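Report on the structure given below.
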Amino acid sequence: MDTERTRALGSRLLTMVTGHVMTMLVNVGHTTGLFEAALRGPATSAGLAQRAGLDERYVREWLGAMVTGEILDFDAATGLFTLPPEHAPLLTGATAANIGPTTGMLRMLAGLLPEVERCFTAGGGVPYAAYAAVAGEGLGATWRHIYDEQLIDGFLGRVPGLHDTLQAGARVLDLGCGTGHAINLMAQAFPASEFVGLDIATEAIALGEAERAAMALPNARFVVGDAAELAADPPFDVITTFDAVHDQRSPAAVLERVRGALAPDGVFVMVDAKFSSRLENNIGNPHAPLCYGISLLFCLPTSLADGEGAGLGAMWGQELACEMLAAAGFDDVQVIDSPRAQNCTYICRAAELGASAGSGRQQGGPPDV
Ligand SMILES: C[S@@+](CC[C@H](N)C(=O)[O-])C[C@H]1O[C@@H](n2cnc3c(N)ncnc32)[C@H](O)[C@@H]1O
């Protein structure tokens, strides 16, 4: 019995539970506007409460946690609380660096814990409909800023020749487009190309379409449909997915459909989690515990919702992803880094495109893309 190991775990557990509470309180700061209020300059607890229109006693207790948690500074002589300029970009503003929307997503996921716990004993999963808020206000809000800052130059710009293809005019599909911000940004950046966003979630597609209308984009449209029924005709020059393959019910079928729906010289650009399929290779990766956790609370149960899904989970890893891409007929797969440490981009081509995988034409109701 190594007592030092026990002590070390005790210390890590204290850090963990403190982190949990701090995550909740950071979310409170985000939703109540306290961080934005603190951004306006040093203030007493009463001053901050007044700025944010909140009850001083609650604000003061929150400030206690923020100061001892080393998020805000406190000057005992003046009673002033300060949001350090070095911390402000991580807690305020409509940018991808602001952790606020992520804390909101974790809060929503916590509400679904009873559903996920039920799956531990009963098996099965949780329907995507239960995750509408997580996907929209949580994930959608987080990815919205990532797309704003990194989609065009960061993600797409790293794929050799893709900007030229999109500038020249291409037919593009974003599969599992969620709330559609990526489609709308691409349509705005590449007016000569035609963009289709496909997702099975009706509410998400409605939000994408509302944004498209507000941005007055004539070259984008949105379709509700099942990616596993994607038809081969008419084909696409470019198909993209952003974190939308691993949580599919039938990812193997979807990858085959994608290959079948690509035009000659077409390319499939799949952005997904950048991890190994082997647990032992992910030990020490600082992003791994969080991604396994989100996978368990979100990606896995949605894939398994009807009890028949593949249940790959977000941590399916590069080895399995490459295997499945090869099985779907992509014989030329290049994996490159993305602008985010947690994601990589698979650039997938196939010598033989369309045809055999295009069985969508024989199915009853393929999405009208
Ligand atoms: C993790 S979200 C990613 C959303 C979006 N790409 C983004 O970055 O915000 C996965 C998306 O896949 C969609 N999806 C899941 N199964 C689907 C299916 N069978 N056909 C089409 N879309 C599906 C979900 O509704 C969800 O919007």
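The values are calculated or read from the model by the stated rules, or taken from the named source; none is laboratory data. As the structure is a prediction and not an experimental result, all values here were calculated from the model. Every residue, glycine among them, receives a Cβ derived from its backbone with ideal geometry; neighbour counts consider all protein chains shown. With ligands, DNA and RNA removed, areas are computed over all heavy atoms of the protein, side chains included. Shrake-Rupley method; radii C 1.70, N 1.55, O 1.52, S 1.80 Å.
The table below lists the values:
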| item | result |
| --- | --- |
| Test: residue in region 96-117 that is β-branched (Val, Ile, Thr) and more than 27 Å from the chain's Cα centre (by Cα) | no |
| Members of region 207-225 that are among the charged types (D, E, K, R) and open to solvent by 60 Å² or more (accessible area, probe 1.4 Å) | Glu209, Arg221 |
| Members of region 266-318 found to be open to solvent by 30 Å² or more (accessible area, probe 1.4 Å), of a type in the set (S, T, N, Q) and either in contact with a strand residue (DSSP E or B) (Cβ under 6 Å, 6 or more places away or on another chain) or not in a loop (DSSP other than H, G, I, E, B) (or both), listed by number | Asn281, Gln318 |
| Of residues in region 13-47 being part of a helix (DSSP H, G or I) and more than 33 Å from the chain's Cα centre (by Cα), the one nearest to Gly104 (Cα to Cα) | Ser45 |
| Wholly enclosed helices (runs of 4 or more DSSP H) of region 55-163 bearing at least 3 residues of a type in the set (A, V, I, L, M) and open to solvent by 30 Å² or more (accessible area, probe 1.4 Å) | 100-111 |
| Test for Phe190: is it more than 10 Å from the ligand (Cβ to nearest atom), of a type in the set (Phe, Trp, Tyr) and in the same structural domain as Gly329 (by TED's automatic domain parsing) | yes |
| Within region 201-256, tally of residues that are within 14 Å of the ligand (Cβ to nearest atom), farther than 23 Å from Ala310 by Cα and part of a strand (DSSP E or B) | 2 |
| Which numbered condition Tyr131 fails, given (1) over 19 Å from Val269 (Cβ atoms); (2) at pLDDT 95 or above | (2) |
| Failed item in (1) more than 14 Å from the ligand (Cβ to nearest atom); (2) part of a helix (DSSP H, G or I); (3) open to solvent by 20 Å² or more (accessible area, probe 1.4 Å), with Leu166 passing the rest | (3) |
| Residue check, Gly136 in contact with a strand residue (DSSP E or B) (Cβ under 8 Å, 6 or more places away or on another chain), within 12 Å of the ligand (Cβ to nearest atom) and assigned by TED's automatic domain parsing to the domain that holds Asp265 | no |
| Search result, residues across region 344-354 that are buried (at least 20 other Cβ atoms within 10 Å of the Cβ) and out of contact with any Phe, Trp or Tyr (no Cβ under 8 Å at 6 or more places or on another chain) | Leu353 |
| Hits in region 169-181 (condition: within 24 Å of Asp332 (Cβ to Cβ) and within 16 Å of the ligand (Cβ to nearest atom)) | Val172, Leu173, Asp174, Leu175, Gly176 |
| Test for Val196: is it part of a strand (DSSP E or B), over 16 Å from the mean Cα position of the chain (by Cα) and more than 9 Å from the ligand (Cβ to nearest atom) | yes |
| Among the candidates Thr103, Thr121, residue that is touching a His at 6+ places or on another chain (Cβ under 7 Å) and either over 23 Å from Val258 (Cβ atoms) or more than 12 Å from the ligand (Cβ to nearest atom) (or both) | Thr103 |
| Filter result (acidic (Asp, Glu) and over 25 Å from Ser338 (Cα atoms)) within region 197-244 | Glu203, Glu209, Glu211, Asp226, Glu229, Asp233 |
